[in-house]
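The values are calculated or read from the model by the stated rules, or taken from the named source; none is laboratory data. Because the structure is a prediction, the values reported are computed rather than measured. Because the Cβ atoms are built from the backbone with ideal geometry, glycine has one as well, and the counts that use them run over all protein chains shown.
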Amino acid sequence: MSSSMHDFEDEEDPAAVVPTGEDWDRLAELRELFLSSEGGFQTVGYWNSRRDFELYDATFAERIGWKWDAVLAELAQRGRLPAATNVVDFGCGTGIASRRFVAAIPGVKHVYLSDRSKQATWFARDALKLQAPKLELTLHLPRQEDPIDVLLASHVLGELDAEGRAELTALARRAQFVLLVEPGSHLLSRTLGGLREELLDAFDVLAPCTHAATCGMFAAGHDDDWCHFFARPAPEAFTSAFWRHFSTRLGIDLRSLPYSFLALRRKGEPLETRGVRVLGRPRLLKGRALLDCCDTTGVHARTLFERDAKKLFKRLDRSGELLVADARVEGERLVEFRPLGDA
Ligand SMILES: C[S@@+](CC[C@H](N)C(=O)[O-])C[C@H]1O[C@@H](n2cnc3c(N)ncnc32)[C@H](O)[C@@H]1O
């Protein structure tokens, strides 16, 4: 290979966001804001410039996109992806949720981008237009008479006061499907759990639950637990200089991408209530693993012995492994454990 060819192949993408020192500081500031606002209700806006959106979109939003990929992959694997023409992205920020959704679901025609920052909706509009030029985009919430097929809300619950929360719930009640993706924190996961209980009168749960019983995390003895999962980052998170800088500058462990989520469908044909959903990460011990299994009976730590599931055992340490499984239990021991999709 000639050296000029080599230089060409090594070139940076000219459209890529290349943060300066000041940019990294600003990202650190935004991260502080997000962490401190969680559950403390962010009553003031924090977006200061178009650059904020560019930086956020290339970093935090990208990581959120990997969580959406995990959620949409789970729904696909379980045969529960929603169909949609009209989609609302509430608290859209730079619009990562609707971009991931539109990429995964054919047939979306109209996206309502709504955010208390109108500049955010402008950024989200431009990004979505680039990805899907034919989409109809509206930069506010649908009118009362407009149908909502799917309501998306991503990393916004922690910023809502009572009024914002009521607005979100009212929108949810108008939608056929609701997809909420949040950080995998104790507080936000349990907030999602509360919303699930509130909406169960009108909705069935598509995921993560395998059942529509009361959330097992609200049972006695589970106050310190929470329903959460770990998404798999895209491969470039481990290979690119950009993500290495991100990790070093912001002190973020790229391997760990915890999230919580809730996917609801307006009550209709009964959903199959079958199997268990493994929560969090399996805890690997010598010759056995502890799995937090959720099903209609609640959340229970179960033991899977390596000798009972040799092949599966090798997969257990991979974060992001989707584990919805048919299980048979004797005492606390999983004597049969067959993940969905396995023969
Ligand atoms: C952390 S950002 C998340 C953005 C985007 N959904 C994502 O997943 O990347 C939260 C967004 O919610 C918006 N927001 C906060 N409170 C809101 C409210 N009451 N109504 C509409 N948007 C709100 C903020 O302006 C911000 O853009």
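Scanning segment 149-171 for residues that are crowded, with 23+ Cβ neighbours inside 10 Å and either more than 19 Å from the chain's Cα centre (by Cα) or in a helix (DSSP H, G or I) (or both) yields one hit, Leu157. Summed over segment 72-115, residues that are modelled with pLDDT under 95 and closer than 16 Å to His140 by Cα total 0.
Of the candidates Ala166, Ala97, the single residue that is closer than 20 Å to Ile64 by Cβ and aliphatic (A, V, I, L, M) is Ala97. Of everything listed in (1) at pLDDT below 90; (2) of a type in the set (A, V, I, L, M, F, W, C); (3) under 15 Å from Leu250 (Cβ atoms), the single unmet condition for Ala16 is (3). Do the conditions hold for Ser49, that is, is it surrounded by fewer than 19 Cβ atoms within 10 Å (Cβ to Cβ), within 14 Å of the ligand (Cβ to nearest atom), small (Gly, Ala, Ser) and assigned by TED's automatic domain parsing to the domain that holds Leu137? Here the answer is yes, as Ser49 does meet what is asked. Cβ separations smaller than 7 Å between residues 6+ apart or across chains give the following pairs from segment 151-172 residues that are at positive phi to residues that are near the ligand (Cβ under 6 Å from one of its atoms): His155/Ile64. For the residues Leu180, Leu192, the requirement of being at pLDDT 95 or above, within 15 Å of the ligand (Cβ to nearest atom) and in a helix (DSSP H, G or I) singles out Leu192. Only one of the listed residues (Arg99, Arg143) is farther than 30 Å from Leu271 by Cα and not polar (S, T, N, Q). That residue is Arg143.
Annotation: of all residues in segment 115-139 being in a loop (DSSP other than H, G, I, E, B) and within 15 Å of the ligand (Cβ to nearest atom), the one that is nearest to Leu152 (Cα to Cα) is Asp115.
Could you check segment 252-278 and list, in sequence order, the residues that are assigned to a strand (DSSP E or B), out of contact with any Phe, Trp or Tyr (no Cβ under 7 Å at 6 or more places or on another chain) and more than 20 Å from Glu198 (Cα to Cα)? Matches in segment 252-278: Val276, Arg277, Val278.
Would a scan of segment 288-304 turn up a residue that is assigned to a loop (DSSP other than H, G, I, E, B) and either within 23 Å of Gln77 (Cβ to Cβ) or among the hydroxyl-bearing types (Ser, Thr, Tyr) (or both)? Scanning segment 288-304, I find at least one residue that is assigned to a loop (DSSP other than H, G, I, E, B) and either within 23 Å of Gln77 (Cβ to Cβ) or among the hydroxyl-bearing types (Ser, Thr, Tyr) (or both), so the answer is yes.
Here is the figure for segment 140-172: residues that are at pLDDT below 95 and more than 10 Å from the ligand (Cβ to nearest atom) total 1.
Taking every residue in segment 49-68 that is of a type in the set (Gly, Ala, Ser) and pairing it with any residue that is in a helix (DSSP H, G or I) and surrounded by 21 or more Cβ atoms within 10 Å (Cβ to Cβ), at least 6 positions away or on another chain, the pairs with Cβ-Cβ distances below 7 Å are Ala61/Ile96; Gly65/Ile96; Gly65/Arg100.
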